[in-house]
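The values are calculated or read from the model by the stated rules, or taken from the named source; none is laboratory data. Small disclaimer: the values here were computed from a predicted structure and weren't measured. In this analysis, Cβ positions are derived from the backbone assuming ideal geometry, glycine residues included, and neighbour counts consider all displayed protein chains. Please note that ligands, DNA and RNA were not included when accessible areas were found on the heavy atoms of the full protein model with its side chains. Shrake-Rupley method; radii C 1.70, N 1.55, O 1.52, S 1.80 Å.
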Amino acid sequence: GDSVTQMEGPVTLSEEAFLTINCTYTATGYPSLFWYVQYPGEGLQLLLKATKADDKGSNKGFEATYRKETTSFHLEKGSVQVSDSAVYFCALIDNAGNMLTFGGGTRLMVKP
Amino acid sequence: DVKVTQSSRYLVKRTGEKVFLECVQDMDHENMFWYRQDPGLGLRLIYFSYDVKMKEKGDIPEGYSVSREKKERFSLILESASTNQTSMYLCASPAGAANTEAFFGQGTRLTVV
(Lines give C-alpha, C1' and ligand atoms only; values in the text may rest on other atoms or scores of the structure.)
Protein backbone atom coordinates (compact mmCIF):
# COMPACT_ATOMS: atom_id res chain seq x y z
CA GLY A 1 0.00 0.00 0.00
CA ASP A 2 0.88 3.67 -0.06
CA SER A 3 3.17 5.10 2.61
CA VAL A 4 4.63 8.42 3.70
CA THR A 5 7.85 8.87 5.66
CA GLN A 6 8.84 12.15 7.24
CA MET A 7 11.68 13.15 9.48
CA GLU A 8 11.18 12.64 13.15
CA GLY A 9 11.16 15.58 15.47
CA PRO A 10 11.22 17.57 17.42
CA VAL A 11 12.91 20.17 15.29
CA THR A 12 14.04 23.14 17.35
CA LEU A 13 15.03 26.36 15.61
CA SER A 14 15.66 29.96 16.51
CA GLU A 15 13.42 32.62 15.05
CA GLU A 16 14.36 33.61 11.47
CA ALA A 17 16.19 30.33 10.85
CA PHE A 18 15.67 28.29 7.67
CA LEU A 19 13.38 25.28 7.93
CA THR A 20 13.37 22.01 6.03
CA ILE A 21 11.20 19.04 6.94
CA ASN A 22 11.84 16.05 4.73
CA CYS A 23 9.04 13.91 3.32
CA THR A 24 9.22 10.95 0.96
CA TYR A 25 6.44 8.71 -0.27
CA THR A 26 5.66 5.46 -2.03
CA ALA A 27 2.47 5.20 -4.01
CA THR A 28 1.02 3.68 -7.13
CA GLY A 29 -0.28 5.97 -9.81
CA TYR A 30 -0.29 9.72 -9.38
CA PRO A 31 -1.21 10.80 -5.89
CA SER A 32 -1.75 14.35 -4.73
CA LEU A 33 0.54 15.52 -1.94
CA PHE A 34 -0.23 17.71 1.04
CA TRP A 35 1.25 19.33 4.08
CA TYR A 36 -1.08 19.77 7.03
CA VAL A 37 -0.34 21.78 10.16
CA GLN A 38 -1.72 21.18 13.64
CA TYR A 39 -1.50 23.94 16.21
CA PRO A 40 -1.75 23.01 19.90
CA GLY A 41 -5.19 21.70 20.83
CA GLU A 42 -6.52 21.98 17.29
CA GLY A 43 -7.40 19.70 14.39
CA LEU A 44 -5.40 19.53 11.17
CA GLN A 45 -5.45 22.39 8.69
CA LEU A 46 -4.28 22.22 5.12
CA LEU A 47 -1.08 24.22 4.71
CA LEU A 48 -0.34 23.58 1.05
CA LYS A 49 -0.79 21.03 -1.69
CA ALA A 50 0.55 19.90 -5.06
CA THR A 51 -1.37 17.72 -7.44
CA LYS A 52 1.15 16.75 -10.12
CA ALA A 53 4.86 16.38 -10.71
CA ASP A 54 6.92 19.59 -10.49
CA ASP A 55 4.02 21.53 -8.97
CA LYS A 56 5.04 23.84 -6.16
CA GLY A 57 2.59 24.42 -3.34
CA SER A 58 3.01 27.54 -1.23
CA ASN A 59 1.27 29.29 1.63
CA LYS A 60 2.26 31.58 4.52
CA GLY A 61 5.90 31.55 3.38
CA PHE A 62 6.05 27.75 3.29
CA GLU A 63 6.84 25.91 0.05
CA ALA A 64 7.06 22.33 -1.15
CA THR A 65 7.73 20.91 -4.62
CA TYR A 66 6.32 17.60 -5.89
CA ARG A 67 9.39 15.67 -7.06
CA LYS A 68 8.33 12.49 -8.78
CA GLU A 69 11.88 11.42 -9.63
CA THR A 70 12.85 11.37 -5.96
CA THR A 71 9.33 10.71 -4.63
CA SER A 72 9.72 13.64 -2.27
CA PHE A 73 7.75 16.63 -1.05
CA HIS A 74 10.01 18.48 1.37
CA LEU A 75 8.62 21.45 3.29
CA GLU A 76 10.72 24.63 3.45
CA LYS A 77 10.46 28.10 4.89
CA GLY A 78 13.12 30.75 4.64
CA SER A 79 12.56 32.45 8.00
CA VAL A 80 10.48 30.79 10.72
CA GLN A 81 8.56 32.60 13.42
CA VAL A 82 7.57 31.59 16.92
CA SER A 83 3.98 31.34 15.65
CA ASP A 84 5.04 28.52 13.29
CA SER A 85 5.52 26.21 16.26
CA ALA A 86 3.21 23.28 15.53
CA VAL A 87 3.13 19.71 14.31
CA TYR A 88 3.46 19.26 10.55
CA PHE A 89 2.11 16.23 8.69
CA CYS A 90 2.98 15.18 5.17
CA ALA A 91 0.18 13.27 3.45
CA LEU A 92 -0.95 11.88 0.14
CA ILE A 93 -4.29 10.99 -1.33
CA ASP A 94 -4.73 8.32 -3.97
CA ASN A 95 -5.77 8.83 -7.59
CA ALA A 96 -9.47 8.60 -6.82
CA GLY A 97 -9.28 10.98 -3.89
CA ASN A 98 -10.50 8.32 -1.49
CA MET A 99 -7.68 7.10 0.75
CA LEU A 100 -5.48 9.39 2.81
CA THR A 101 -2.07 8.29 4.01
CA PHE A 102 -0.13 10.31 6.58
CA GLY A 103 3.44 10.53 7.73
CA GLY A 104 4.17 10.35 11.43
CA GLY A 105 4.24 14.11 11.97
CA THR A 106 7.13 16.42 12.87
CA ARG A 107 6.95 18.77 15.81
CA LEU A 108 8.55 22.15 15.17
CA MET A 109 9.52 24.40 18.06
CA VAL A 110 10.71 27.91 17.28
CA LYS A 111 12.45 29.86 20.04
CA PRO A 112 12.53 33.65 20.17
CA ASP B 1 -17.26 28.20 6.45
CA VAL B 2 -17.35 25.31 8.91
CA LYS B 3 -17.02 22.05 7.03
CA VAL B 4 -16.40 19.25 9.54
CA THR B 5 -17.70 19.49 13.09
CA GLN B 6 -17.01 17.14 15.97
CA SER B 7 -19.56 17.27 18.75
CA SER B 8 -17.17 17.68 21.66
CA ARG B 9 -13.72 19.20 22.14
CA TYR B 10 -13.11 17.48 25.47
CA LEU B 11 -14.70 14.42 27.04
CA VAL B 12 -14.05 12.58 30.28
CA LYS B 13 -15.61 9.13 30.61
CA ARG B 14 -15.35 6.26 33.04
CA THR B 15 -13.95 2.84 32.26
CA GLY B 16 -16.66 0.57 30.90
CA GLU B 17 -18.92 3.35 29.65
CA LYS B 18 -20.29 3.34 26.11
CA VAL B 19 -18.99 6.45 24.37
CA PHE B 20 -20.25 8.11 21.21
CA LEU B 21 -18.11 10.54 19.24
CA GLU B 22 -20.03 12.39 16.56
CA CYS B 23 -18.79 13.94 13.35
CA VAL B 24 -20.87 15.95 10.91
CA GLN B 25 -19.80 17.36 7.54
CA ASP B 26 -21.70 19.87 5.43
CA MET B 27 -19.94 19.28 2.11
CA ASP B 28 -22.08 16.40 0.86
CA HIS B 29 -19.00 14.14 0.80
CA GLU B 30 -19.37 10.40 0.60
CA ASN B 31 -16.09 9.67 2.37
CA MET B 32 -15.54 10.03 6.09
CA PHE B 33 -12.70 8.79 8.29
CA TRP B 34 -11.91 8.41 12.00
CA TYR B 35 -8.33 8.62 13.27
CA ARG B 36 -6.75 8.59 16.66
CA GLN B 37 -3.64 10.57 17.38
CA ASP B 38 -1.15 9.66 20.07
CA PRO B 39 2.28 11.12 20.86
CA GLY B 40 4.97 9.41 18.85
CA LEU B 41 2.46 7.34 16.85
CA GLY B 42 1.08 9.92 14.46
CA LEU B 43 -2.39 9.45 13.01
CA ARG B 44 -3.78 5.94 12.96
CA LEU B 45 -6.87 5.04 10.96
CA ILE B 46 -9.65 3.41 12.98
CA TYR B 47 -12.57 3.13 10.55
CA PHE B 48 -13.71 4.75 7.37
CA SER B 49 -16.83 4.92 5.26
CA TYR B 50 -17.37 5.54 1.55
CA ASP B 51 -21.14 5.68 1.67
CA VAL B 52 -24.18 5.58 3.91
CA LYS B 53 -24.43 2.33 5.88
CA MET B 54 -21.04 1.31 4.57
CA LYS B 55 -17.98 0.90 6.81
CA GLU B 56 -14.49 -0.46 6.48
CA LYS B 57 -11.94 -1.30 9.16
CA GLY B 58 -8.81 0.73 9.26
CA ASP B 59 -5.54 -0.19 10.92
CA ILE B 60 -6.70 -0.27 14.55
CA PRO B 61 -10.44 -1.10 14.71
CA GLU B 62 -10.32 -3.22 17.86
CA GLY B 63 -12.51 -1.83 20.63
CA TYR B 64 -14.37 0.51 18.26
CA SER B 65 -17.38 0.43 15.99
CA VAL B 66 -18.97 3.03 13.74
CA SER B 67 -22.34 4.07 12.43
CA ARG B 68 -23.20 5.90 9.22
CA GLU B 69 -26.98 6.20 9.01
CA LYS B 70 -26.93 9.52 7.17
CA LYS B 71 -24.47 10.84 4.65
CA GLU B 72 -23.45 13.84 6.72
CA ARG B 73 -22.88 12.02 10.03
CA PHE B 74 -20.27 9.44 10.98
CA SER B 75 -20.24 8.23 14.57
CA LEU B 76 -17.41 6.47 16.36
CA ILE B 77 -18.51 4.19 19.20
CA LEU B 78 -16.42 2.86 22.05
CA GLU B 79 -18.49 -0.07 23.24
CA SER B 80 -16.79 -0.29 26.62
CA ALA B 81 -14.26 2.47 27.14
CA SER B 82 -10.85 1.57 28.50
CA THR B 83 -7.98 3.72 29.71
CA ASN B 84 -5.87 2.80 26.68
CA GLN B 85 -8.45 4.58 24.52
CA THR B 86 -7.52 7.90 26.07
CA SER B 87 -6.44 9.86 23.00
CA MET B 88 -7.17 12.65 20.55
CA TYR B 89 -9.76 11.58 17.98
CA LEU B 90 -9.92 13.26 14.59
CA CYS B 91 -12.63 13.04 11.98
CA ALA B 92 -11.77 13.75 8.34
CA SER B 93 -13.71 13.96 5.12
CA PRO B 94 -11.96 13.83 1.73
CA ALA B 95 -13.89 15.05 -1.26
CA GLY B 96 -13.51 11.73 -3.08
CA ALA B 97 -12.23 13.40 -6.21
CA ALA B 98 -8.70 13.45 -7.55
CA ASN B 99 -6.51 16.39 -6.52
CA THR B 100 -8.67 17.43 -3.59
CA GLU B 101 -7.72 17.57 0.04
CA ALA B 102 -9.42 16.25 3.14
CA PHE B 103 -11.06 18.48 5.71
CA PHE B 104 -10.68 17.82 9.41
CA GLY B 105 -12.75 18.47 12.45
CA GLN B 106 -11.21 20.24 15.43
CA GLY B 107 -10.61 17.01 17.30
CA THR B 108 -12.04 15.44 20.45
CA ARG B 109 -9.68 14.84 23.34
CA LEU B 110 -11.08 11.86 25.20
CA THR B 111 -9.89 10.90 28.67
CA VAL B 112 -11.01 7.57 30.12
CA VAL B 113 -10.58 7.34 33.88
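Only lysine pairs 8 or more places apart or on separate chains count here, and in chain B those with Cα atoms under 17 Å apart total 6.
Given a cut-off of under 8 Å on Cα pairs at least six residues apart, what relative contact order in percent is computed for region B:61-113? Before the final figure, lay out the partial values.
Working: 68 pairs, mean separation 16.3, N = 53.
Result for region B:61-113 is 31 percent.
Calculate the length of the line joining the C-alpha centroid of region A:24-39 to that of region B:76-104, in whole Å. Cα centroid to Cα centroid, the span is 18 Å.
Placing a label point 7 Å from the Cα of A:Glu69 along the Cα-to-Cβ line, the residues of region A:14-53 whose backbone N sits under 15 Å from it are A:53. Rounded to the nearest angstrom and listed largest first, the equivalent-ellipsoid semi-axes of chain B from its Cα gyration tensor are 23, 14, 13.
The modelled label-to-label distance for the pair B:Ser67/B:Thr15, using points 7 Å beyond Cα in the direction of Cβ, is 2.6 nm. Using bins of 5 Å that start at zero, the share of Cα-Cα pairs per bin across chain A amounts to 2, 13, 24, 26, 18, 10, 5, 1, 0, in whole %. Potential lengthening of the chain between A:Leu46 and A:Arg107 amounts to 20.4 nm, from the contour at 0.36 nm per residue minus the alpha-carbon distance.
Quick one: length gained pulling B:Thr100 to B:Thr86 fully straight, 0.36 nm per residue minus the C-alpha distance?
1.9 nm
Here the spin labels are modelled as points 7 Å beyond Cα on the Cα-Cβ line, and at B:Lys53 and B:Glu79 they lie 2.2 nm apart. The DSSP beta bridges internal to the protein assembly as shown are antiparallel in roughly 90% of cases.
With the contact rule set at Cα under 8 Å and sequence spacing of 6 or more, what percent relative contact order holds for region B:1-81? Before the final figure, lay out each step's value.
Numbers: 163 pairs, mean separation 26.0, N = 81.
Reported relative contact order: 32 percent.
Using the 1.4 Å probe convention, the accessible area of region B:9-106 works out to 47 Å² per residue with neighbouring protein chains retained.
Shown here for region A:61-110: GluC sites (Glu not before Pro) in loop regions (DSSP other than H, G, I, E, B) with at most 12 other Cβ atoms within 10 Å, namely A:Glu69.
Per residue, region A:39-90 exposes an accessible area of 46 Å² to a 1.4 Å probe, with every protein chain left in place. Of all aspartates and glutamates in the structure, the ones whose alpha carbon falls short of 19 Å from that of A:Lys111, not counting any fewer than 8 places away in one chain, are A:Glu8, A:Glu15, A:Glu16, A:Glu76, A:Asp84. Computed on the Cα atoms alone, the convex hull of the protein assembly as shown gives a volume of 116 cubic angstrom per residue. Projecting the Cα atoms of B:Ser80, B:Phe104, B:Tyr50 onto the charge dipole of chain B, computed from C-beta unit charges around the Cα centre, puts B:Ser80 farthest toward the positive end. Comparing B:Val66, B:Val24, B:Val12 in a Gaussian network model of chain B (Cα springs below 10 Å), the most mobile by mean-square fluctuation is B:Val12. Mean separation of Cα pairs under 8 Å and 6 or more residues apart, divided by the residue count, gives region A:1-91 a relative contact order of 34 percent. Pairwise Cα distances in region A:67-107 exceed 16 Å for 53 percent of all pairs.
Of the whole protein surface, B:Lys18 contributes about 110 Å² of accessible area at a 1.4 Å probe radius.
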